[in-house]
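Below is one structure, written out as structure tokens; comments come after it.
The values are calculated or read from the model by the stated rules, or taken from the named source; none is laboratory data. Predicted model, so just to flag it, every value in this text is computed and none were measured. Neighbour counts are summed over all protein chains in view; Cβ atoms, including those assigned to glycine, are modelled from backbone coordinates with ideal geometry. Side chains included, ligands, DNA and RNA excluded: accessible areas come from the protein's heavy atoms. Shrake-Rupley method; radii C 1.70, N 1.55, O 1.52, S 1.80 Å.
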Amino acid sequence: MPMAVRLPTWTFFTAVIMQLCTGENSCSIRSTAGPVVQLGSSFQIYCTFKCKCKGSMYSDHPPTPKAHEVFNATTVYIEVANITRNQTYSCQCVCPHASDSCGMDIFTGYPPAVPSNVSCIYKVQTNESRAVVCTWSRGRDTHLTTGSVLRVRTTSGVHTSGPLTYSVSGQDSHFLSTSLDVSHSVQQISVWVESQNPLGSAESAPLNYTLRDIATPSAPDLSAHTCSSRECVVQVGTSVRTQELEIQYRSGADAWTSLPDSGRRASLTQIRSISSLRPYRLYHFRARARLDTGMWSQWSAKVSSWTQEEAPAREPDVWHAEADVRSLKVYWKEEDLSAARGKITWYRISVGSRNSGPIFSANISADVRNYTVPFGPGCGVTVWSCTAKGCSPPARISPGYTKAEPLQVRHETAGEHNATIYWSKAGSAGQQGYVVEWYPEGRKLEALQWLRLGSQHSHALITGLEPFECYAGAVYAVHSDSSVGRSGFTGVATLESVPAAVPSVLEKVEGNSVNVSWMQIPRGQRGGCITTYTIYLESSSGGERQVFPVAASEKTYVIEGLSPAAYTLWVTASTAKGEGPTGPRSKVKFFIQRDSSNHPTGGCARLLGPPHPHMSVPEFCREAEVRGQQLAVKLLLRFLLPDEVPDPANSKWAKECVLQPGEMKLQLQTSVASVTAEDDPILVEVEELPQPRCRAGTSGPCPRLLSPTALSPTSRPDVLLYPRTTYIKSVSHDSSSSKQTSVDTNITVDYISAHEPGHQEVISFFPSHDFAMEPLEFGGKLTLDAVKINCGEFFQNSF
């Protein structure tokens, strides 16, 4: 018999430990507060390992190591304080044969609150269908799955049954409700609500109801039949016979108005008439009912219907402005719904007089708010507004008023877009009211607005004003005898700034005076209301600058008594915020010449010295006048032209020209565009005029060729005494520089020839200017055959 082999005891225990460590559950985890805890609570999480190893603890996903405490050789734990959300905890055994970790989820929340606002009604839907409906509020959110049930005890006579439990619909909503059927014999009920979740339960106090006190019918069915302009007929239906019926109506956002109850209950369907309505309004209707006892039903769904139109009740609000001496611009406002009593489809306007009858009539579209009509003395204007049902009473305008005493008017700003107009009240005798009109200054016809007020008013708030805009207007006191007192006002601006631009200035010299006129600054650059214009005048002869302030209403000014000299003048504009800038647009230059027509002989002598022995006194004074005019022109040219005018013959451009007998080559652009010295030259032939030959026997120098402008009225203007040629309008002073040269090839001028020895050319600088003067003579010999000085450009650029 073989001998049994006995294994050592440690071998057995080692095998057991190996089996435990390599099993599915190498550890266990638990919470001292359980898996569901209240938010904000504190507790411990323990991990116990089934084998001896190094254990660790984690929380969240992905797992985050947590510092733990050692409870004994196989157990560790962590402290959880003031938990604020759901958490997951896990344990891990660190050894070669450890299996998966173990863990648990901790859910947080609150215990249920006591249900509140418990109420029940007894819904009598039909004579056979009746049910009790109870609703309540479950309180704050528990963050946990919380269930609610309704418990009901019923009483029939002396018999009580229950409690019965009814489940609740809508567990996730704040307000919960349930419905239960009761028999006709039940007279009273007792109800309470119970809520429960893992952290506890709560129930409401019992409520006792007598069913007849909480009985209510279903909401009525309501429909609108027909409506006239003042009345609507509605139909109301109920599922059971009711004792009371309430119908309400309103228009727009008005308050609801209740229709008095007639008390008729002959059938389940009733027809009710609602009167005292207004024309052309959208009305809304609703209804509710009540049994002989109990509660009102819910309101029915709203139904809506329009009342029909009528002719407008009042004349339109009409005002006017004179367009010119023979026409009047008539304005009217869109009428509100209460006055229009319908949709305005067109306006009718008529002009006439008592003597001649109607002289003008027109039908105008409903979207038009003004119309210009012919007008004259003794005429009146009548305006009607019309709907599909008829026209309004006439609104009459008779601008030929007898003027009444004006009012004292002032204004104050009231924010960025408003202003208040104040006036002294007119006498009460025959006073009908006031009309306040306003408009942007200078735009009365385009933007007129007005406000009509009663005789008890003494101020008006005008709104919708634009900042940095100047407004004007008037207050009219209207009397019963058709007299009107008009009191104008200006300078209304809610916000202002310094003007951003300068006025455009023109001047006209008349003797020793200058008439200055200017245009207004563009509306968007005025900065508000212009309070004053300032004219500045400087003389080239020195002296202090002269300043002339001018009222904002003026656009012209005459400066008199000026001494002969060259002057510079400019104009600025100012608002209440200060004076605007100056600029080239507002600056002009002009010249005051000496008036020699009134000089005595002594004046002639002071200008020329002693008279020539062979000159008479009139001849001597005429010579003085010519010299004075020449002196004035020299002063003006010295003021306008540069100090030195270079000789064109010494220019680089002239030297590069190829000179041949009878002709020369000039570089000339074919267009008027600017060119520079580096541009490729374009050669243009200029033919020199031949010298005129005198007939045999003629003594003395040959006469000078006449220009077309010098022809007599009897001569033929289409026959030229010499061929037309072109000339260079302006040439740069420095031909070697890169300055641009403007070229004009379409102007015909007089030809100047300087080939004759000793010939002096006569040049008239002002052939048509106000300077009445004889031609000036200049000596010297010009070396270019085609030179013409055009002083007209100097005056054009300088003035």
Q: Taking residue 33 as the residue in question, decide whether it is at pLDDT below 85 and not in a strand (DSSP E or B).
A: no
Counting only residues in segment 571-582 that are open to solvent by less than 20 Å² (accessible area, probe 1.4 Å) and part of a strand (DSSP E or B), the one farthest from residue 493 (Cα to Cα) is identified as 571
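Got a number for residues in segment 583-592 being part of a strand (DSSP E or B), closer than 18 Å to residue 521 by Cβ and open to solvent by less than 70 Å² (accessible area, probe 1.4 Å)?
1
Every residue, every condition in (1) out of contact with any Pro (no Cβ under 6 Å at 6 or more places or on another chain); (2) in a loop (DSSP other than H, G, I, E, B); (3) farther than 30 Å from residue 279 by Cα; (4) at pLDDT 95 or above, yes or no:
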| residue | (1), (2), (3), (4) |
| --- | --- |
| 373 | yes, no, yes, no |
| 377 | yes, yes, yes, no |
| 381 | yes, no, no, no |
| 385 | no, no, no, yes |
| 396 | yes, no, no, no |
| 399 | yes, yes, yes, no |
| 405 | yes, yes, yes, no |
Residue count, segment 312-351, condition closer than 30 Å to residue 223 by Cβ and either in a strand (DSSP E or B) or in contact with a strand residue (DSSP E or B) (Cβ under 8 Å, 6 or more places away or on another chain) (or both), comes to 4
Checked segment 525-546 for anything farther than 14 Å from residue 573 by Cβ and either open to solvent by 50 Å² or more (accessible area, probe 1.4 Å) or in contact (Cβ under 8 Å) with a residue 12 or more places away in the chain (or both); matches are 537, 538, 539, 540, 541, 543, 544, 545, 546
Filter segment 409-430 for residues that are open to solvent by 30 Å² or more (accessible area, probe 1.4 Å) and over 19 Å from residue 493 (Cα atoms); the one that is modelled with the highest pLDDT is 424
Subset of segment 436-479, residues in contact (Cβ under 8 Å) with a residue 60 or more places away in the chain and farther than 19 Å from residue 491 by Cα, comes to 452, 477, 479
Residue check: is residue 162 among the small types (Gly, Ala, Ser) and either modelled with pLDDT of 85 or more or not assigned by the TED database to the domain that holds residue 187 (or both)? no
Selection from segment 231-290 of residues of a type in the set (A, V, I, L, M), part of a loop (DSSP other than H, G, I, E, B) and under 16 Å from residue 306 (Cα atoms) yields 253, 277
Q.
Criterion first (touching a residue at least 24 places away in the same chain (Cβ under 8 Å) and either closer than 30 Å to residue 86 by Cα or loosely packed, with under 13 Cβ neighbours inside 10 Å (or both)) does residue 219 satisfy it?
A. no
Do the conditions hold for residue 317, that is, is it within 30 Å of residue 359 (Cα to Cα), among the acidic types (Asp, Glu) and either crowded, with 18+ Cβ neighbours inside 10 Å or touching a Gly at 6+ places or on another chain (Cβ under 6 Å) (or both)?
yes
**Asked** Got at least one residue in segment 584-601 being at pLDDT below 85 and within 30 Å of residue 416 (Cβ to Cβ)?
**Response** no
